[in-house]
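I have placed the structure first, in the form of structure tokens, so that the comments after it can refer back to it.
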Amino acid sequence: MSEDGASTADETEGIAAIDEAEATPTTEGDAEVTARSDNAAATESVAAGTTHTIEGDAILRLRDLDAGYGDLQILSGVDLDVADGEYVTVVGPNGAGKSTVMKTVFGLTTHMGGTVEFEGEQIQGLPPEQIIREGIGFVPQTNNIFPGLSVRENLEMGAYILDSVPEDQVEAIYDRFPILRKRSDQKAGTLSGGQRQMVAMGRALMLDPDLLLLDEPSAGLAPDLVADMFDRIDRINDSGTAVLMVEQNAKEALRRCDRGYVLVGGENRYTDRGEVLLGDEEVRKDFLGG
Amino acid sequence: METTDSSVLDTARAKPGLLFVVALGGLLLVDLLAMLAGVSLGPIGGSLSLGRLRSNLWSGIVIGLVIGLAGIGLSMTYSILSFANFSHGDLVSTGAFTGWGVAFLIAGFGDVPVRALLTVRDAGNASPADIGAHILTTPGAILVGLIASFAFTALIAIALDRAFYKPMRDRDGIALLIASIGAALVVRYLIQFVYGADRRGVTATVEASNLAFDPLGIAVNAHELTIVVSAVALMLAMHFVLQHTKLGTAMRAMADNKDLALITGIPTERVVTATWILGGGLAGASGYLYVLLRGTIQFDFGWLLLLLIFAAVILGGIGSVYGAIAGGLVIGIVFTTSTIWISSDFNQAAAFAVMILMLLLRPEGLFGGVTTA
């Protein structure tokens, strides 16, 4: 109990600290990193938290969630919250069920128990088409574009449920990813890995979702493109879209996110601000490779 | 010169199939030119009029368009539903019988009992051919019949989907393929039950139905012209739907990546229904046009034609709509021009030989790797 109490206090403090950091725009990336690592140093002695829920409003709430594929159960009793506009990362070893969490939110797994609540409504068991309407966008890890369709057609498919193509949203996505405007009529299958990832994100952003689910966005990208991709995700989050991300590049993901969840064997293990998780001896040793 | 020789040899060693095809093609070309020139040198040459070659090519284009039209649906169900549909040939027959039933009803209404007209059958002394269905005498009946063939076959295709394929949507391609063989048998023998098993004439013989087509120097049969115009119009319409409508884009998207289509919010079941309407409808229309070409109808002709349709689709690159059209044309032209060299008993074998040679050289087919787009 006392441990829980400590981490809650710590969490509140952490959110305040992040708010502060966001309020003062940093011109230099280095300065921000320093500020954050200072923060981490200050909390290093405190072990990572094990309270997996947040107080107050959350747009996404998973409670005691059991899910899997067919008869095979992967997740058991998972709790997870994402606040409005928050940037949350799920990390953990291979087979921890990270991707399953996302797929379950999106209705792509077998729901076995517990609830998924989005903006106050229970959405477990709804088909993906319905979940999109609720305001969630999903970018899968692989095969996340239509290679035979042009870039523009890929984006248009993202808004299929609307009667007409939202031109202003297409423009907004072209402004966000200018290279896609140039490649508009080109088949998406001919693009580079980084550009494909932009098409995939653009497609998921076509309905201007309140929550964006990203499954390993840096997977398969050349190392020099990874930082660029994380910067783009930061900007999407800065513009108000909450992000729930699964990432194998755990250190970088935790450095950038507001809060992180460590899943092990389909169960919650630790939940805390990214810096705290990065600073935790055990988390670092066991899940982040030292 | 020496380097050129060795590189030719290297290519020949790496691709003996290519060498064989080039040699055979060259030989046939030399032979063809010699025949046209009227030169005869041992086994090479002979005599062939340019007119016969032209009419062979024209017939090949006509039959090729019919096969290509039928192949579009087969290719679409392959790419969107991921199985080789063996009931496709019987959808071709379905279109022919339902379409001609309607065409007969309009052409012969009042003179012959409706039941006989609708079942494309003899009624007393009026044989189907005496009803006088012909594009020059009853153009309205022929055109309405074409539309009816599309509509009825689309309906049957959807009914088959609901009955057989929808409950098996998550099963693999082999299970669906076997189910489709069952569906094919059901449809074929239902057709036999309703329409009878005998082969009979359908179209009327009309004097002076060959229209001289001066620019090409060939006489074109009015029915052949009807087939070419209808088939090309339907293909262009299909192209428009695929490339310029939301539904067509969704069909291409689903052919590309079904899982992503689902999570993108594309209503995949609606796309599947549209696929059956378009693919099944085009199969029905092609069956109707095939009967217009041949002048006769028989309950299992679609099944027998399926092998050629498969050859066309595989040759063009299975899964590609444009490949199906191109493959149909190649198969059709080989089918008719091969009679210059071999007996017409073997021209179907020639079509398959070309398909096999083509696959040796380009296993993915003409448009392989290109999806429905």
Selected residue [over 30 Å from A:ALA159 (Cβ atoms) and in contact (Cβ under 8 Å) with a residue 60 or more places away in the chain] from A:THR89, A:THR51: A:THR51
Residue within the range A:94-107 that is over 16 Å from the mean Cα position of the chain (by Cα), within 25 Å of A:ASP272 (Cα to Cα), surrounded by fewer than 22 Cβ atoms within 10 Å (Cβ to Cβ) and away from chain B (no Cβ under 14 Å) present: yes
Hits in the range A:217-250 - residues which are surrounded by fewer than 16 Cβ atoms within 10 Å (Cβ to Cβ) and part of a helix (DSSP H, G or I): A:PRO223, A:ASP224, A:ALA227, A:ASP228, A:ASP231, A:ASP234, A:ARG235, A:ASP238
Scan of the range A:135-151 for residues that are within 10 Å of chain B (Cβ to nearest Cβ) and either in a helix (DSSP H, G or I) or free of Cβ contacts under 8 Å to residues at least 24 places away in the same chain (or both), ordered by number: A:ASN143
Hey, A:GLY194 more than 9 Å from chain B (Cβ to nearest Cβ), outside any loop (DSSP other than H, G, I, E, B) and surrounded by 22 or more Cβ atoms within 10 Å (Cβ to Cβ) or not: no
B:ALA250 vs. criteria modelled with pLDDT of 95 or more, buried (at least 17 other Cβ atoms within 10 Å of the Cβ), under 27 Å from A:ASN143 (Cα atoms) and facing chain A (nearest Cβ under 10 Å): yes
Selected residue (only one of B:PHE335, B:PHE310, B:PHE299 is away from every other protein chain (no Cβ under 14 Å), more than 26 Å from B:ARG252 (Cβ to Cβ) and either of a type in the set (D, E, K, R) or assigned to a helix (DSSP H, G or I) (or both)): B:PHE335
Any hit, the range B:273-284, residues being surrounded by fewer than 22 Cβ atoms within 10 Å (Cβ to Cβ) and within 12 Å of the chain's Cα centre (by Cα): no
A:LEU162 under 30 Å from A:ASN249 (Cα atoms) and part of a loop (DSSP other than H, G, I, E, B): no
Filtered residue count, the range A:114-134, keeping only those that are in contact (Cβ under 8 Å) with a residue 24 or more places away in the chain and within 12 Å of chain B (Cβ to nearest Cβ): 4
Where A:VAL151 falls short, out of the listed (1) surrounded by 20 or more Cβ atoms within 10 Å (Cβ to Cβ); (2) out of contact with any Ser or Thr (no Cβ under 7 Å at 6 or more places or on another chain); (3) more than 23 Å from A:GLY107 (Cβ to Cβ): (2)
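On the given criteria, is A:GLY189 under 23 Å from the mean Cα position of the chain (by Cα), at pLDDT below 95 and in a helix (DSSP H, G or I)?
Here the answer is no, as A:GLY189 does not meet what is asked.
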Single residue of the range B:248-265 satisfying the filter (among the aliphatic types (A, V, I, L, M) and over 31 Å from the mean Cα position of the chain (by Cα)) that is nearest to A:PHE106 (Cα to Cα): B:ILE263
Test: residue in the range B:175-183 that is touching a Gly at 6+ places or on another chain (Cβ under 6 Å) and in contact (Cβ under 8 Å) with a residue 40 or more places away in the chain: no
Residue within the range B:67-75 that is in the same structural domain as B:ASP198 (by TED's automatic domain parsing) and modelled with pLDDT under 90 present: no
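Kindly indicate whether A:LEU207 is under 24 Å from the mean Cα position of the chain (by Cα), within 9 Å of chain B (Cβ to nearest Cβ), surrounded by 15 or more Cβ atoms within 10 Å (Cβ to Cβ) and touching a residue at least 40 places away in the same chain (Cβ under 8 Å).
It is true that A:LEU207 is under 24 Å from the mean Cα position of the chain (by Cα), within 9 Å of chain B (Cβ to nearest Cβ), surrounded by 15 or more Cβ atoms within 10 Å (Cβ to Cβ) and touching a residue at least 40 places away in the same chain (Cβ under 8 Å).
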Filter result (part of a loop (DSSP other than H, G, I, E, B) and not hydroxyl-bearing (Ser, Thr, Tyr)) within the range B:313-332: B:GLY317, B:ILE318, B:GLY319
Only one of B:ASP111, B:ASP170, B:ASP130 that is more than 17 Å from B:ALA283 (Cβ to Cβ), free of Cβ contacts under 8 Å to residues at least 12 places away in the same chain and acidic (Asp, Glu): B:ASP170
Qualifying residue in the range A:161-182 (condition: facing chain B (nearest Cβ under 9 Å), under 17 Å from the mean Cα position of the chain (by Cα) and within 29 Å of A:LEU60 (Cα to Cα)): no
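Let's see how each residue does on (1) buried (at least 23 other Cβ atoms within 10 Å of the Cβ); (2) among the acidic types (Asp, Glu):
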residue: B:ALA133; (1), (2): yes, no
residue: B:LEU136; (1), (2): no, no
residue: B:PRO139; (1), (2): no, no
residue: B:VAL144; (1), (2): no, no
residue: B:ALA157; (1), (2): yes, no
residue: B:LYS166; (1), (2): no, no
residue: B:ARG169; (1), (2): no, no
residue: B:ASP172; (1), (2): no, yes
residue: B:LEU177; (1), (2): no, no
Residues of the range B:338-373 satisfying the condition of being hydrophobic (A, V, I, L, M, F, W, C) and either within 14 Å of chain A (Cβ to nearest Cβ) or assigned to a loop (DSSP other than H, G, I, E, B) (or both): B:TRP341, B:ILE342, B:LEU366, B:PHE367, B:VAL370, B:ALA373
Yes/no for A:TYR270 being of a type in the set (Ser, Thr, Tyr), away from chain B (no Cβ under 14 Å), assigned to a strand (DSSP E or B) and under 13 Å from the mean Cα position of the chain (by Cα): no
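The values are calculated or read from the model by the stated rules, or taken from the named source; none is laboratory data. Only a predicted model underlies this, so the values are computations on that prediction, with no experimental measurement involved. For neighbour counting, all protein chains shown are included, and Cβ atoms are generated from backbone atoms with ideal geometry for every residue, glycine included.
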